[in-house]
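**Q** Take this structure, written in structure tokens, and hold onto it; I'll ask about it next.
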Amino acid sequence: MNYVYILYSSKLNKYYIGFTTISVEERLRKHLSNHSGYTSRAKDWEIVYIEEYLTKEEATKREKEIKNWKSSLKIKELISNN
């Protein structure tokens with residue numbers, strides 16, 4: 001399976017939208033480990049939303065769609081409707 005996921009950090013009050021082919025829980029562990037990148041700025045990321053797709057193409061298309069919203073209100077609406 002392929003997953004689009006949204007993480008939330010209360011420390012940063014920010015969302016992170018990502019795509020993975022491994023389990024979202026495993027991907028979160030990688031985000032929380034010592035690494036460089038956007039999610040390294042906080043260690044309180046939590047999974048708030050997941051969508052499953054059969055193909056990588058579908059998942060990456062959806063990830064880009066959500067990222068292009070650039071609106072935390074629209075992201076909050078997506079999460080609350082789930």
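Since every read-out is calculated from the coordinates, none of them should be taken as a lab result. All figures in this text were calculated on a predicted structure; none of them were measured in a lab. Every residue, glycine among them, receives a Cβ derived from its backbone with ideal geometry; neighbour counts consider all protein chains shown.
**Q** Let me check against my output: what whole-number percent is the relative contact order of the stretch 2-80, with C-alpha pairs under 8 Å and at least 6 apart?
**A** 37 percent
**Q** Output wanted: per-residue J couplings in Hz (rounded whole) for the stretch 55-71, from phi through Karplus 6.51 cos²θ - 1.76 cosθ + 1.60, θ = phi - 60°, x for Gly and Pro.
**A** 10, 4, 4, 4, 5, 5, 5, 5, 4, 4, 4, 5, 4, 6, 4, 6, 9
**Q** Count charges around residue 82 for me, please; just the other residues with Cβ under 13 Å from its Cβ, Lys/Arg as +1, Asp/Glu as -1. Kindly include the intermediate steps, with their values, before the conclusion.
**A** Values: positive: 76; negative: 51, 52, 77.
Computed value for this residue: -2.
**Q** For the stretch 31-37, just list the computed ³J(HN,Hα) in residue order, Karplus coefficients 6.51, -1.76 and 1.60, θ = phi - 60°, integers in Hz, with x standing in for Gly and Pro.
**A** 4, 7, 7, 6, 7, 9, x
**Q** For the chain, with the dipole built from +1 on Lys and Arg beta-carbon atoms and -1 on Asp and Glu ones, taken about the Cα centre, which of 20, 59, 71 lies farthest toward the positive end?
**A** Farthest towards the positive end: 71.
**Q** Mind putting a number on the dipole of the chain about its Cα centre? Charges go on the C-beta only, +1 for Lys and Arg and -1 for Asp and Glu, and I need it in Debye to the nearest 20.
**A** Working: 15 positive and 11 negative charges, 89 e Å.
Here the size comes out at about 420 debye.
**Q** I need the semi-axes of the equivalent ellipsoid of the stretch 2-80: take the C-alpha gyration tensor, multiply each eigenvalue by 5, square-root it, list largest first in whole angstrom.
**A** On the way: eigenvalues 72, 53, 21 Å².
For the stretch 2-80, the semi-axes come out at 19, 16, 10 Å.
**Q** What number, rounded to the nearest 500 deg cm²/dmol, is the helix-based mean residue ellipticity at 222 nm of the chain, given -39500 (n - 2.57) per DSSP H run of at least four residues and division by all its residues?
**A** On the way: 3 runs with 32 residues, N = 82.
It comes out at -11500 deg cm²/dmol, rounded to the nearest 500.
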